[in-house]
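Report on the structure given below.
The values are calculated or read from the model by the stated rules, or taken from the named source; none is laboratory data. These figures come from a predicted structure and were not determined experimentally. Here Cβ is always computed from backbone atoms with ideal geometry, including for glycine, and neighbour counts include all displayed protein chains. Side chains included, ligands, DNA and RNA excluded: accessible areas come from the protein's heavy atoms. Shrake-Rupley method; radii C 1.70, N 1.55, O 1.52, S 1.80 Å.
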Amino acid sequence: MPVLKKWLIRLGISGAWMSLCGLFGIALCLAAMYLYLDPKNPDVETYRNYQLEQPLRIFSAEGALIAEFGDRRLIPVEIADVPKLYLDAVVSTEDKRFFRHQGIDWISLANDALDLLFTDGVKRGASTITMQLPRNIADLSREQTFVRKFREMLLAIKIEHELTKEEILELYINIVPFGKHSYGVQAAAFTYYGKPVHELDLAQLAMLAGLPKRPEAGNPINGPKWALDRRNLVLRRMRDTGAISLDEYEAASEQPITARVHRRELDLYAPYPAEIVRQNVIERFGREAYSGYSVHTTIDVDHQRAAQMSVRTELESFDLRRGYRGPERRILISDAVEDIKQHFVQELTSETEVGSMLPAVVVSIDTDSIEVVLSNGQVETVEWNGLKWARRSLGEAGVGRSPQTADEIVEIGDLVRIRLVEEAWTLTQVPEIQGSIVAVNPRTGAITAMVGGYNFGINQYNHASQLQRQPGSGFKPFVYTAALASGVTPATVFLDAPLVYNDDHMETAYRPRNFSGTYNGPTRVREALYRSINLVSIRVLEHVGADSAREFVTRFGFEKDELPNNTQLAIGGGTITVSPLEMVAAYSVIANGGYQIEPHLIDRVVNQDGDTLYKPLVPVVCSNCGYTDTGFDHSNWSKSENFRFEHSTQSSSSSLDANRVLDERLVFLVDSMLRDVVSRGTGRGAMTLERSDLAGKTGTTDRAVDTWFNGFQQNLVASSWVGYTSQRALGESEYGSRSPLSIWVEFMRNALADVPEYVPEPPNGIVSVKIDAATGQIVQSDSKSAITEYFLAESAPTADSVRSSSETLVLSPEELF
């Protein structure tokens, strides 16, 4: 017995000693982990000053939502504005001892430890509301579970020492995920119920309180059964804690799911201007822009919609008349494939729709029809009326003969595009051609519409702002304005005849030519412009001097050093490259009466409280300058009863006075000449609008690589371009007077629908004189060849030079220039 007692005593001492050693070891490990992890943890100020991430929203001038950037939909709410029932539901469900612990619920933690020792795993989880903050703010969820849990505990203790319980709870209810891209209870209330959280009933509040457990798979849209069970669990816990009565519990638990997705969809998808705005705002504000900033742009929603439709329609029309290029790809069928249809459907899973064009695979071919399978497995028939257009494309050579049977067009396994046209399926294809249009208010520089290509999802390159191409004849008005300023008149006659330039640095002589390949002899300046005669333009430039012309055209916003000092300046060729945005700014100088403006998209940037953070200071034509009374109020374009901003804004109206860069008399002369381009020249296609106040100029470069139309009415300027991104030739039958003019016309048809006609009156210093249509010389008013021409008063021919209708004029070579 004494010996056994001695051994027991020794064992007891040893056990105590081992327990002490074990506790010491645990403490040492915990201390080591603290020293290792604490420096990596965010400072508590991160939580006190946490910036809630919200989408950057882009609006039109009327308040239409045209873009939203950022994955998280978050609407901050103060805890005082949240129903107590919801707070009770959160605490009852997530952390029932929240108001009693100091960041860590030791009771729940001990229960978890026992679960870990005696069962297969932890089933409850001991994360308190405070511990969940680091998980959602510091993104600890990717780390290993034990390390993450320990870091959460350390941070929870720190947070509890710095923030009050109310501050912790307010932060929690604003950042936790609820699914469907909504973060925070207020955003969740709008997402699932379409109203603020304080208007929800008990069943709805309980539903939201349960969602953070499984926000995506368990929300009432994606997982209604789980969501309903979770809601009723929340209600039971609220009943058990006394937050609600038994009657309230029973009534709420019997309610069906009333949630559905309430999300403000885009009023108009306008990706090209929106992306420019996003880049500018991020450059100015950085990531702070994703804290609920809204950008009010100058985009007019009706103009933008018309611009997008006109570009899409014309590019598709161009593409169809260039012929069918064949399938996007051909899907091979091996002998191992048992179900061909299912094989095709599987291949279609990686394809996306392009507008109304659906991807499909040909499964059978008849003489005058085909059957195709869609990505959903449905088989559709395309009849001959939807196929017969598909003549084979021969590239620049044109198109082949019309097909006679369906098997001349497609093969089984072809991946093609189809669309519904008047309730019948038709074969189609995604255009390779690109186009753009940009429209500007010439008095303010406000961009009212911008389309940078056929489809932003396919090609994000903005052909309206980023494109740099030769402007062709669209540049001629600027050279002609320089000539008018140097004494040339619209009636001055120049010779339209061949020119030859010899250069020792060139193997062959340079022989510029007219686009038509013909020559007209003596030609008045006005006629040369509206008929776009290259040889006259070159002679006009030689008369003015290339360097003088380069200096003068800087008034339209171009850089002198970027312009060629040779004959290419006269025809918009050589090294001249411009964007449609630059062209629309240049033509605005003519449209507004001679003032230089700056095209811009951003009107103002505001925060979530409606405070204006940024408003660009841009030059504006003063109210009593230029064409002051065109009969139209531009502010009408930014008014709409269909849209409203989600908050009022305080915005300054400060602006700069635009600089006058052209004499108003010069502007009048050029404007009248450009109206002749529309009424009798290369822009005659615009006469379908049946307006007398339209002016503009076509542009077509060599081999029709680039085609343009730049035009205006005094209230709106627009420039359109059509071409290939790869700078391929469009074809011999393509000109600026075709596709670009068609885009411009259809856009203006809508944009000017409510704008009255306005033709500028001659300003002081302009005189009208009767001249001979052939010679440009002054004649008596009763002459059969007499036409009216405008002149600067100091350049007008005098009465002393009036000839009778019977006199004959002989021009000397000097008079022909």
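Entry note: segment 219-303 has Rg to Rh equal to 1.28, where both radii use alpha-carbon atoms and Rh is the Kirkwood radius. Expressed as a fraction of 2.2 N^0.38 Å, the value expected for a compact globular protein of N residues, the C-alpha radius of gyration of segment 527-585 is 1.10. Its Kirkwood hydrodynamic radius, worked out from the mean inverse distance over all distinct Cα pairs, puts segment 439-562 at 17.1 Å.
How big is the Rg/Rh ratio for segment 247-368, C-alpha atoms only, Rh by Kirkwood, two decimals? Please report the intermediate quantities before stating the final value.
Numbers: Rg = 24.3 Å, Rh = 21.0 Å.
Rg divided by Rh gives 1.16.
Packing, taken as the mean count of other beta carbons within 10 Å per residue, orders the peptides 657-668, 579-590 from highest to lowest as 579-590, 657-668.
Overall, the accessible surface of segment 284-342 at a probe of 1.4 angstrom is composed of carbon and sulfur to the extent of 48 percent. Built from the Cα atoms of segment 317-445, the convex hull projects on average onto 11.0 nm², one quarter of its surface area.
Give the calculated FRET efficiency between Trp226 and Cys622 to the nearest 0.05, with a Förster radius of 60 Å applied to their Cβ-Cβ distance. The partial results should precede the final answer.
Details: r = 65 Å, r/R0 = 1.08.
For Trp226 and Cys622, the calculated efficiency is 0.40.
As an exercise, use a Förster radius of 56 Å and the Cβ-Cβ distance of Leu420 and Asn764 to find the FRET efficiency, rounded to the nearest 0.05. Working from the Cβ atoms, E equals 0.40. Label sites at Arg680 and Tyr269, each approximated as a point 7 angstrom past Cα along Cα to Cβ, lie 4.7 nm apart. The calculated FRET efficiency for Thr352 paired with Glu396, based on their beta-carbon distance and R0 = 35 Å, is about 0.70. A simple rule links phi to the HN-Hα coupling: the Karplus curve 6.51 cos²θ - 1.76 cosθ + 1.60 with θ = phi - 60°, which for segment 759-775 gives 10, x, 7, x, x, 4, x, 10, 10, 10, 9, 7, 10, 7, 4, 8, 9 Hz, with x for Gly and Pro. If you sort Lys388, Lys784, Lys84 by accessible surface, 1.4 Å probe, largest first, the order is Lys784, Lys84, Lys388.
Modelled label positions at Glu162 and Glu559, each set 7 Å beyond Cα in the direction of Cβ, lie 4.8 nm from each other. Between Thr405 and Glu690, the simple label model (points 7 Å from Cα in the Cβ direction) yields a spacing of 5.0 nm.
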